[in-house]
Amino acid sequence: RGGQQRQEAKVEMTGTLTHIWRHPIKSHGSEALEKVTVKAGTTLPWDRTWAVAHEQAKLESGWSPCQNFSRCAKAPGLMAIKSALDEAAGTLTLSHPTRPELTFRPDDPADQPRFLEWVAPLMPKDRAGSERILRIDTRGMTDTDYASISLGNLASLRALSQRVGTTLDPRRFRINLWIDELAPWEEFDWVGHEITLGPVRFRVEEPIQRCMATTANPDTGHRDADTLGALEAGWGHRNFGIYRTALIDGELTCGNMLEDTP
């Protein structure tokens with residue numbers, strides 16, 4: 001984990017929050033928001049609140065590493081799931097181009113078999129099958145062992161799209177917050193710094209190292225872009241986006257401005 005201490009050098013920055021995304025079930029759907037209330041030291045509300053443990057999972061008592069869960073890196077068909085969460089009712093609606101729409105309660109054990117039956121055709125035959133939905137109350141099941149919120153730079157996405165030779169949908173990267181009006185790859189200079197987005201101050205922890213999930217098209221669930229090869233060939237790494245931790249509470253809204261924290 002990087003960014004344990006704030007660097008002394010000031011990083012000049014400016015940018016605008018353009019998109020907010022949450023993913024209620026890890027690797028099983030994305031949902032766009034216009035605003036969200038962030039709490040210090042937590043993941044984005046309702047982001048990765050649930051995760052789907054597979055048959056060979058070796059789960060820990062709280063947070064568990066991503067290899068214990070059914071995910072887009074191993075099952076690209078999952079990438080094309082869209083989700084809509086009704087927070088008050090506790091229901092989640094999932095849709096997919098090859099599956100009928102499903103509305104169910106992830107916290108209801110009686111409803112979980114319906115979900116498992118719905119998602120089974122999207123899982124490769126040579127992978128461990130999805131077994132149950134898991135939730136921990138303290139945080140979302142992000143890929144980091146600390147409560148992270150991810151941020152992406154649309155200028156970096158455009159640079160990567162040019163390298164790949166096709167326009168890449170931001171949903172491939174399952175990032176929470178997208179910023180525009182930055183220089184490409186500027187975000188990597190922020191590691192170890194504190195930044196302010198709207199009313200919320202964050203500490204930038206580390207770059208996000210990418211996996212095969214980003215090669216899958218979020219409209220079709222088919223792998224159709226060599227994002228990893230393009231990153232390696234163009235920039236010598238597989239990093240895209242950054243992880244941050246929230247330091248204070250506040251409501252984020254699309255249109256909020258980004259600035260360095262003095």
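Just a few scattered comments:
- Residue-averaged [θ]222 nm for the chain, counting only DSSP H segments that reach four residues, each worth -39500 (n - 2.57): -3000 deg cm²/dmol
- Dimensions (Å) - the stretch 94-244, Cα atoms, principal axes, largest first: 48, 37, 24
- Axis of helix 154-164 versus longest Cα principal axis of the chain: the two differ by about 70°, to the nearest ten degrees.
- In nm, spacing of pseudo-spin labels at Glu131 and Gln162 (7 Å Cα→C-beta vector): 4.7
- Close amide H partners of Val38, meaning residues 5 or more places away or on another chain with modelled amide H under 5 Å apart, are Gly250, Glu251, Leu252.
- Measuring nothing but how far apart in sequence close Cα pairs (under 8 Å, 6+ apart) lie, relative to its length, the stretch 16-125 scores a relative contact order of 21 percent.
- With a cut-off of 19 Å on the backbone N, the residues of the stretch 218-239 near the modelled label site 7 Å out from Asp169 along Cα-Cβ are 218-228.
- Between amide H atoms placed 1.01 Å from N, distances below 5 Å from Asn153 occur with Ile179, Gly241, all of them 5 or more places distant or on a separate chain.
- Beta bridges from DSSP with both residues in the chain: antiparallel share about 90 percent, rounded to the nearest 5.
- Gyration tensor (alpha-carbon) shape descriptor, the stretch 158-262, a/c threshold 1.5: prolate
- Length added when fully stretched, Lys58-Arg99, from 0.36 nm per residue minus Cα-Cα: 11.8 nm
- Relative packing of peptides 100-111, 201-212 - highest average C-beta neighbours within 10 Å first: 201-212, 100-111
- Cα centroid separation, the stretch 82-149 to the stretch 164-233: 23 Å.
- The chain - percent relative contact order, Cα under 8 Å, separation 6 or more: 30
Read the figures in this text as sums done on the coordinates, not as results from a lab. Computed from a predicted structure; not experimentally measured. Here the Cβ is made from the backbone with ideal geometry for all residues, glycine too, and neighbour counts use every protein chain on show.
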